[in-house]
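Please read the structure below before turning to the comments.
The values are calculated or read from the model by the stated rules, or taken from the named source; none is laboratory data. Quick caveat: nothing in here was measured; it's all calculated off a predicted structure. Glycine also receives a Cβ, built like all others from the backbone with ideal geometry; neighbour counts cover every protein chain displayed.
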Amino acid sequence: MAKWLEVLKGFWRQDQQGQAGDILILVMGTVGVGKSSFTNAFNIAEGGPAKVGHTLHACTRAIRMHAIRSPDELVSENSKAASLDSRRVVLVDTPGLDTSAGDSKALAQITEWVAKQCARGATLGGIVYMCDISVNRVNWAARVNVEQLEKILGESNALQRVVLITAAWDEVRAEVGAQREEELCSSFWKDLIARGAVVKRT
């Protein structure tokens, strides 16, 4: 649990909109990378646990919201379900980006959904973007770019609210995973990192 808290802590400080409503944290990535497991690592207060798939087919086909207890309260072992300034903090489990529906369609769906939620008073606190480090080639979904994420975030110069996570390290030799991570950081994610995105491992 502690490592996931560290991933999300910075998002609370970066939310300066002051609008009433939910603080949304999008969990994005490839099919089977562990988005639902990431969501379930938190103590879900509302929305129930995310369904976890064990095959190569996408388990999450729709956008699902899971309200969590705030990280600060979890750290202090306070069991009260609340969020920053009484606002809900919601992890948003999104469809995998390499499903049969097509990546562009999924990205458009996510972007439209976020815009609607923000119009209702929610705030997009940030994006957790997960990539499977055990895959022996970098697929399209790992090549998410600045323009795509800024479109979802709804503003430019906001990539400091993005955390890029390399997952499935237990399924690959450490030196192989490190080489693939270096490839991601030096090429596909280079611009994202230069503009403030942070890379973390599970």
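Of the residues Arg195, Arg180, the single one that is surrounded by fewer than 17 Cβ atoms within 10 Å (Cβ to Cβ) and charged (D, E, K, R) is Arg195. Every listed requirement among (1) small (Gly, Ala, Ser); (2) in a helix (DSSP H, G or I); (3) at pLDDT below 80; (4) more than 22 Å from Ser36 (Cα to Cα) is met by Ser186 save one, (3). Of all the residues that make up region 96-117, how many are modelled with pLDDT under 85 and not small (Gly, Ala, Ser)? Residues meeting the conditions: 5. A Cβ distance below 7 Å, combined with a sequence gap of six or more or placement on separate chains, defines the contacts here; from region 161-190, residues that are among the small types (Gly, Ala, Ser) reach residues that are in a helix (DSSP H, G or I) and surrounded by 15 or more Cβ atoms within 10 Å (Cβ to Cβ) in the pairs Gly177/Trp169.
Scanning region 123-175 for residues that are at pLDDT 85 or above, touching a helix residue (DSSP H, G or I) at 6+ places or on another chain (Cβ under 6 Å), surrounded by fewer than 22 Cβ atoms within 10 Å (Cβ to Cβ) and assigned to a loop (DSSP other than H, G, I, E, B) gives a single hit, Ser134.
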